[in-house]
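Each remark here refers to the structure printed beneath this line.
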Amino acid sequence: MDNKLDIKAYLDADEQKDLLRLLTAGSVDDGKSTLIGRLLFDSKKLYDDQLAALERDSKRVGNAGDHIDYALLLDGLKAEREEGITIDVAYRYFSTNKRKFIIADTPGHEQYTRNMITGGSTANLAIILVDSRTGVITQTRRHTFLVSLLGIKHIVLAVNKMDLVNFKEEVFRNIVEEYMTLTNQLGIEDVTCFPISALDGDNVVERSDRTPWYDGPALLDFLETVPIHADRNYNDFRYPVQYVLRPNLDFRGFCGKVASGVVRVGDEVVALPSMKRSHVKSIVTYDGELKEAFPPQSITITLEDEIDISRGEMIVHPDNVPNIGRHFTTMLVWMDEEPMDTGKQFFLKHNTNTTRATIAAIRHRVDVNTLEKKEGKPFQLNEIGQVDILTAKTLFFDAYNKNRQTGAFILIDPISNNTSAVGMILSPLDESALENDLVPTLDMKKLGIGEEHYAAIESAVKELSRQGLEVKIVK
């Protein structure tokens, strides 16, 4: 009986651990995959068959000489092993006694920028690796810019291969000083620096005797304790409705995931875009009812009043409403092999909303290697810049630096169904001077439609709106 209780207590405690999502970035051969492999190896999170396969593969296709090639734990593609590089994003999960981790090992080549954006889109923390022999290089600047673009608040600078410079403190200090100058320019505040040797394990899981001048923690100790709860936005309640649940005549709930903020039973809320007000009657989950909910919980909200709310609409607090509009400026990362076509109408996916959208203007492109602004030409694969977007349907959004959940979107090619771009919204724009309006108008009187058909047409137009096709009605 005691054993059963012990197992249950252990499982309950494990379930309560928080989750840290992190990515590694750096130049080719800086040791990203080796570092993660070393974390897994030294923290004793590998099974015996994985260890046996790792030792066998290290002898057969490894690139670490007589050492075990820990990078092979991450680089699973045939081309990656042949070239000794990372091409696609590799995800690894492990946990310690204090925290769970999901690590995204992202590629270092410039042509794989979109892969890094994908891996970093949900990350809380980024580990930027630097080769101690070369210091801060163009790739380092590019990856740091991308990390700041993604709104990742915590950065670890891992100065790797310190064994190749005899663990000289001066080398480490000079690299840190140069890197801090860069992060200050980008407005990144939380940067922690570590002198490590990923291959030998110095300062990775255990403090190293070979760096007596370094008095900070080992990397894993830091990852286990870095505070991330404050990173979530608990101030601005945003609840994009995903589904309307109506199992019987007595229950009508709005299902979704709390994007940000906190909601409590009894709170006054407003539905967007109708601006109808009500109060939260109950917060329902699979495990029972709650008194309050916060991100990233998935819940069902019921309201005191019967309000017509459907998928794609949003529930918020009336004294804290997001931007509401169809025209905004955004940073855009082009992810499609096909070059940008400013005449094309894309599908824009924003939370639970889907609508048609066009690129109304290109303001500039950013040279990710020098951070200089360049002429606003249509983007090619992996290019980044600032553009203005016009949508057919009204969206409810915040600036990305304020709220990552409601400030991000993707553009989808309507023909190939490929993800063409990802965007991070900067600010809303004035819609009064727009020349090209994507929303067609249906003038009932001009078309000779009688009033007896108005209700049916309005119902059909609302259904089109749920599918991302907006139509204006003039009676």
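The values are calculated or read from the model by the stated rules, or taken from the named source; none is laboratory data. Since the model is a prediction, treat every value here as computed from it, not as a measurement. Every residue, glycine as well, gets a Cβ built from its backbone with ideal geometry; the counts of neighbours run over all protein chains shown.
Data for the structure
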| read-out | value |
| --- | --- |
| Evaluation of residue 258 against (1) closer than 29 Å to residue 409 by Cβ; (2) more than 25 Å from the chain's Cα centre (by Cα) (one fails), failing number | (2) |
| Of all residues making up segment 318-349, the number that are in contact with a strand residue (DSSP E or B) (Cβ under 6 Å, 6 or more places away or on another chain) and part of a strand (DSSP E or B) | 16 |
| Elements of type strands (runs of 3 or more DSSP E) in segment 203-293, at least 1 residues being surrounded by 19 or more Cβ atoms within 10 Å (Cβ to Cβ), in contact with a Pro (Cβ under 7 Å, 6 or more places away or on another chain) and of a type outside the set (A, V, I, L, M, F, W, C) | 238-248, 251-257 |
| Which listed residue is modelled with pLDDT under 95, touching a strand residue (DSSP E or B) at 6+ places or on another chain (Cβ under 7 Å) and of a type outside the set (Ser, Thr, Tyr), from 256, 312, 288 | 312 |
| Given (1) closer than 18 Å to residue 96 by Cβ; (2) part of a helix (DSSP H, G or I); (3) at pLDDT 70 or above, number of the condition residue 33 does not satisfy | (1) |
| Qualifying residue in segment 306-315 (condition: part of a strand (DSSP E or B) and exposed (fewer than 14 other Cβ atoms within 10 Å of the Cβ)) | no |
| Residue 167 being modelled with pLDDT of 95 or more and within 24 Å of residue 98 (Cβ to Cβ) | no |
| Inter-residue pairs, beta-carbon under 6 Å, first over 15 Å from residue 166 (Cβ atoms) and in segment 193-205, second part of a strand (DSSP E or B) and among the polar types (S, T, N, Q), 6+ apart | 198/160 |
| Number of the exception - residue 191 against (1) at pLDDT 95 or above; (2) among the aliphatic types (A, V, I, L, M); (3) more than 13 Å from residue 24 (Cβ to Cβ); (4) surrounded by 19 or more Cβ atoms within 10 Å (Cβ to Cβ) | (4) |
| Per-region count, segment 348-366, residues under 20 Å from residue 117 (Cα atoms), surrounded by fewer than 21 Cβ atoms within 10 Å (Cβ to Cβ) and within 22 Å of the chain's Cα centre (by Cα) | 2 |
| Some residue of segment 78-100 being modelled with pLDDT of 75 or more, touching a helix residue (DSSP H, G or I) at 6+ places or on another chain (Cβ under 9 Å) and buried (at least 20 other Cβ atoms within 10 Å of the Cβ) | no |
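To keep it simple, each residue is scored yes or no on (1) of a type in the set (Lys, Arg); (2) closer than 19 Å to residue 381 by Cα; (3) assigned to a helix (DSSP H, G or I); (4) touching a residue at least 40 places away in the same chain (Cβ under 8 Å).
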position: 116; (1), (2), (3), (4): no, yes, yes, yes
position: 123; (1), (2), (3), (4): no, no, no, yes
position: 127; (1), (2), (3), (4): no, no, no, yes
position: 133; (1), (2), (3), (4): yes, no, no, no
position: 136; (1), (2), (3), (4): no, no, no, yes
position: 148; (1), (2), (3), (4): no, no, yes, yes
position: 158; (1), (2), (3), (4): no, no, no, yes
position: 173; (1), (2), (3), (4): yes, no, yes, no
position: 176; (1), (2), (3), (4): no, no, yes, no
